[in-house]
Amino acid sequence: MTEQQFEDLKLLLDRSPTPPNSEQLDKQIIGAARRRASDVKLRAKTNNRVVELLRQFSSNNAVATVAVSLTVTFVVFSVMSQMAFLYQAPDQNSVVGTKDTSQDQRRDNSADIAISIEQTQQASKAAASSDAIPRIAQAPMVNTSRLSKNEILADLVLPTAETLLQGAEFSKDGERALASASVTTALTDINNYIRQGKLENARDRYDRLRRSCMACSLPSTLDALALGSRTQQSRI
Amino acid sequence: MRRWIYQTMSDEALMAAYCRGQPLAFECLYNRHKQKLFNFLNRQCHNRAISEELTHDTWIAVIQNTSSYQAKAKFTTWVFSIAHNRLVDYWRKHGATNRPLVEQLKEQHAVTEDRLSESIELEELMAKLQMLPTEQIETLLLKIEGFTYMEIASITKAKQETVKSRLRYANNSLRLSMEVKV
């Protein structure tokens with residue numbers, strides 16, 4: 001194949017009647033190219049904005065200072081919250097505590113103190129043992145809460161004058177004798193009133209006795225006297 | 001930027017402009033090379049529809065891979081290498097053919113017979129062209145398009161020596177056919 005033949009072949013191919021590719025194809029390709037170009041522009045704009053922001057950020061010392069301080073504050077708060085979590089962790093883990101135990105802890109404000117599980121258990125045991133005595137002593141009071149005041153007075157067995165005045169102190173011997181006489185009289189009246197069912201009269205009589213004999217150190221009300229007497233009887 | 005300025009720019013400069021988001025640069029590039037690329041594919045495919053499909057795929061690949069284009073490489077080399085890959089895929093599925101090329105040459109010869117030199121005996125050339133392997137036809141077509149050996153080697157992903165030998169075999173076959181005729 002000579003050079004001339006090659007040129008002839010090229011000429012033939014160049015003048016080939018092959019029609020150009022369709023307009024539809026052109027539109028598709030150009031459309032895709034434009035979409036791609038707009039994407040590239042958008043991306044470039046976004047990148048430029050970010051770069052500009054970073055540049056401004058780095059050039060502005062005040063903004064940098066605020067940013068650093070905010071970062072430090074955030075770190076400090078993070079550390080503190082972490083420490084607080086660790087600080088409260090033993091309390092959260094003390095799952096052995098019963099309802100009573102947790103109530104005792106709250107009463108003692110022990111939730112604010114970091115204590116181990118063993119300490120919690122010991123504290124709850126100690127609290128339980130110390131509560132044992134008052135619970136027995138207050139047992140009648142729990143029962144009396146179910147009764148009305150009048151029922152207590154109706155069943156009342158009043159103490160004697162000597163018993164009432166046992167703890168009282170008098171400056172003179174004659175005073176004790178006078179007080180004993182008036183108390184005896186008053187107790188007789190009160191007993192009569194109670195027997196008759198006149199409980200209010202009994203209370204008034206007791207109030208008068210108390211006002212007349214301040215040195216006798218009597219309980220504040222007849223009901224209180226009745227409760228005290230009942231407790232003494234139950235202890236016996 | 002105005003369209004006429006783009007038309008004065010090189011392919012590589014246009015591609016760089018398109019990478020920066022200038023759609024007119026691509027339009028200029030497309031208009032500059034669309035016909036050559038279409039002809040290259042159309043001469044090696046069974047019909048026009050397939051050629052258009054391969055042309056579409058090639059240009060879309062160009063659009064999508066703008067970031068991978070390196071300005072060091074010649075733009076046409078890059079585009080034709082993409083087209084070559086599409087063509088090879090097509091050949092694997094449907095088989096290669098030289099018939100479209102021969103038919104085009106025949107049609108054109110009928111129109112412009114008087115302008116050609118007497119040295120070429122086209123009828124015999126057509127017959128011989130049909131016998132050539134597709135790789136040799138492709139290499140010949142790329143050479144006619146003006147690519148150098150190195151560029152053809154780059155497009156077809158072959159060694160430069162292989163390209164030379166393919167062209168030599170093609171020339172010898174065609175010459176032999178004409179010598180026999182003479």
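The values are calculated or read from the model by the stated rules, or taken from the named source; none is laboratory data. Predicted, not measured: the structure shown is a model, and the values here were computed from it. Glycine gets a Cβ as well: all are built from the backbone with ideal geometry, and neighbour counts include every protein chain shown. All accessible areas refer to the heavy atoms of the entire protein, side chains included, with ligands and DNA or RNA removed. Shrake-Rupley method; radii C 1.70, N 1.55, O 1.52, S 1.80 Å.
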Do any of A:Lys172/A:Lys198; A:Lys41/B:Lys157; B:Lys34/B:Lys72; A:Lys10/B:Lys159 go past 27 Å between their Cα atoms, and which?
A:Lys172/A:Lys198; A:Lys41/B:Lys157
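Where does the charge balance sit around B:Asn42 when Lys and Arg score +1, Asp and Glu -1, over other residues with C-beta under 9 Å from its C-beta? Provide the component values of the computation, followed by the final result.
Details: positive: B:Arg43, B:Arg48; negative: B:Glu52.
Charge balance in the 9 Å sphere: +1.
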So what's the net charge close to A:Asn47: Lys and Arg +1, Asp and Glu -1, counting the other residues with Cβ under 13 Å from its Cβ?
+4
Would you list A:Met83, B:Met9, B:Met15, A:Met214 from the most to the least accessible area, probe 1.4 Å?
A:Met214, A:Met83, B:Met9, B:Met15
